[in-house]
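A quick write-up on the structure given underneath.
The values are calculated or read from the model by the stated rules, or taken from the named source; none is laboratory data. None of the values given here were measured: they were computed from a predicted structure. Cβ coordinates were reconstructed from backbone atoms using ideal geometry, including for glycine residues, and neighbour counts include every protein chain displayed. The area values use the complete protein model at the heavy-atom level, side chains included, leaving out ligands, DNA and RNA. Shrake-Rupley method; radii C 1.70, N 1.55, O 1.52, S 1.80 Å.
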Amino acid sequence: MKTEKMTESYKQLYHNLINSILKGRGDRSQEQRQAAFNNANLPQPLQALIEKVAHHAYKVTDNDINVVKQNGISEDQLFELIVCGAVGQASRQYESAMTALAEAIKEGGYHAS
Amino acid sequence: MRLDILNNGYKFGTKILFSMIKVFSGYPLPDAAKLIFYRPDFYGSPAKQFTQRVMRGPSGWSVGDRELMAAFVSRLNECTFCVKAHSAVSATAYGDHNKVDQVLSDLNTAQIELPLRAVLVLLGKLTREQSVNAEDIRTAMAAGVNTQQIEDAFAICFAFNITNRLADAFGFFIPTDDAFEAGAKYLLKRGYA
């Protein structure tokens with residue numbers, strides 16, 4: 001019972017975060033925030049930036065940011081899209097891990113201790 | 001930071017708070033903390049609540065272990081700010097810099113407990129390859145890690161996979177080691193809330 005309560009609290013806080021960035025009030029449309037979260041179907045040069053955020057964030061440069069701003073995206077919009085890109089990649093890894101954990105528990109008959 | 005709004009786009013009361021923190025602590029508020037105050041309803045507040053739960057809530061892992069996992073994931077993501085910040089917190093929590101240094105320089109030779117090593121191997125694979133499978137998890141379980149501890153570790157990995165990316169994309173300023181030590185004491189005393 002204790003373990004179930006702990007799991008539920010993670011789930012609720014996790015979904016609160018995802019819902020806030022994707023469906024909460026923002027300067028960029030929900031569709032574009034979802035695209036940044038998915039790291040797919042974004043116009044260039046925004047797609048190149050979000051790809052870097054998702055897979056090599058340490059390689060992001062001032063120029064990467066400036067090029068996107070020169071294409072008419074405001075700093076507030078960029079803030080939202082970068083957050084969505086980062087959370088999206090982290091979420092895919094987390095969901096993969098939680099699916100594997102559920103499989104291991106199901107196959108092995110393990111219980112939390 | 002690369003976005004001017006993250007340097008200057010705060011409400012008057014928040015700017016006063018930043019100034020007071022600088023006066024009392026002797027250091028400017030780190031960029032990781034400033035980010036949480038920017039439009040908090042969008043990202044900062046829910047992110048803070050998740051991080052507080054995973055890093056300071058109930059867990060089979062000690063605070064030192066959890067901060068070590070944060071530093072380890074950050075090292076694999078090559079996020080200098082987060083490696084420095086969370087290795088300082090972990091070392092302070094353990095009262096042992098050597099343990100943290102060993103893990104971050106070579107996990108294979110680090111002198112640490114088997115369950116902690118096993119879960120770090122699991123987080124290493126998840127961070128490098130973006131996925132793990134049931135066999136990887138069974139290997140960790142065989143080393144003595146229980147399912148709740150694995151779930152706790154995955155939640156830490158999620159939180160720092162976000163923070164690492166934001167630190168590097170937004171270009172967090174990297175302060176002195178003394179400032180990181182002061183930040184470590186604050187995070188141990190007050191947590192992330």
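Does B:PRO58 satisfy the condition of being closer than 14 Å to B:GLY183 by Cβ and open to solvent by 30 Å² or more (accessible area, probe 1.4 Å)?
no
For (1) of a type in the set (Val, Ile, Thr); (2) surrounded by 15 or more Cβ atoms within 10 Å (Cβ to Cβ); (3) within 23 Å of B:TYR38 (Cα to Cα), each residue gets a yes or a no:
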site	(1), (2), (3)
A:ASN41	no, no, no
A:LEU49	no, yes, yes
A:ASP62	no, no, yes
A:GLN70	no, no, yes
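Only residues that are within 14 Å of chain A (Cβ to nearest Cβ) and more than 21 Å from B:ASP178 (Cα to Cα): list them for the range B:8-34, please. Walk me through how you get there before you give the answer.
Step one: filter the range B:8-34 for residues within 14 Å of chain A (Cβ to nearest Cβ), giving B:8-10, B:31-32, B:34.
B:ASN8, B:GLY9, B:TYR10 - these are the residues of the range B:8-34 that are within 14 Å of chain A (Cβ to nearest Cβ) and more than 21 Å from B:ASP178 (Cα to Cα).
Output the residues belonging to the range B:9-38 that are under 23 Å from A:LEU78 (Cβ atoms) and outside any helix (DSSP H, G or I). So that I can check it myself, show each step before the final result.
From the range B:9-38, those under 23 Å from A:LEU78 (Cβ atoms) are B:9-11, B:14-15, B:18, B:29-38; that's our starting set.
If the condition is that a residue be under 23 Å from A:LEU78 (Cβ atoms) and outside any helix (DSSP H, G or I), then B:GLY9, B:TYR10, B:LYS11, B:LEU29, B:PRO30, B:TYR38 are the ones that fit.
Could you say whether any residue in the range A:64-71 is out of contact with any His (no Cβ under 6 Å at 6 or more places or on another chain), of a type outside the set (Val, Ile, Thr), more than 7 Å from chain B (Cβ to nearest Cβ) and part of a loop (DSSP other than H, G, I, E, B)? Spell out how you get there, then give the answer.
To start, the set of residues in the range A:64-71 that are out of contact with any His (no Cβ under 6 Å at 6 or more places or on another chain) comprises A:64-71.
Of the ones still in play, those that are also of a type outside the set (Val, Ile, Thr) are A:64, A:66, A:69-71.
So of that shortlist, the ones also more than 7 Å from chain B (Cβ to nearest Cβ) come out as A:64, A:66, A:69-71.
This time we only want the ones that are part of a loop (DSSP other than H, G, I, E, B), so: A:71.
Within the range A:64-71, one or more residues are out of contact with any His (no Cβ under 6 Å at 6 or more places or on another chain), of a type outside the set (Val, Ile, Thr), more than 7 Å from chain B (Cβ to nearest Cβ) and part of a loop (DSSP other than H, G, I, E, B).
Somewhere in the range B:74-92, is a residue open to solvent by less than 30 Å² (accessible area, probe 1.4 Å), within 13 Å of chain A (Cβ to nearest Cβ), free of Cβ contacts under 8 Å to residues at least 60 places away in the same chain and over 16 Å from the mean Cα position of the chain (by Cα)?
Looking through the range B:74-92, none of the residues is open to solvent by less than 30 Å² (accessible area, probe 1.4 Å), within 13 Å of chain A (Cβ to nearest Cβ), free of Cβ contacts under 8 Å to residues at least 60 places away in the same chain and over 16 Å from the mean Cα position of the chain (by Cα).
Just to be sure I understand, how many residues within the range B:151-193 are within 12 Å of chain A (Cβ to nearest Cβ) and either in a helix (DSSP H, G or I) or free of Cβ contacts under 8 Å to residues at least 12 places away in the same chain (or both)?
Of the residues in the range B:151-193, 20 are within 12 Å of chain A (Cβ to nearest Cβ) and either in a helix (DSSP H, G or I) or free of Cβ contacts under 8 Å to residues at least 12 places away in the same chain (or both).
Quick one: A:ASP27 ticks every box in (1) more than 9 Å from chain B (Cβ to nearest Cβ); (2) not in a loop (DSSP other than H, G, I, E, B) except a single one, so which number is it?
So the condition that A:ASP27 fails would be (2).
Find the helices (runs of 4 or more DSSP H) located wholly in the range B:59-149 whose residues include 2 or more that are closer than 27 Å to A:LYS106 by Cα, and list them.
B:63-76, B:114-129, B:134-142
I'd like the residue in the range A:73-110 that is at pLDDT below 95 and more than 7 Å from chain B (Cβ to nearest Cβ) and, out of all such residues, is most open to solvent (accessible area, probe 1.4 Å).
Only one residue tops the list, namely A:LYS106.
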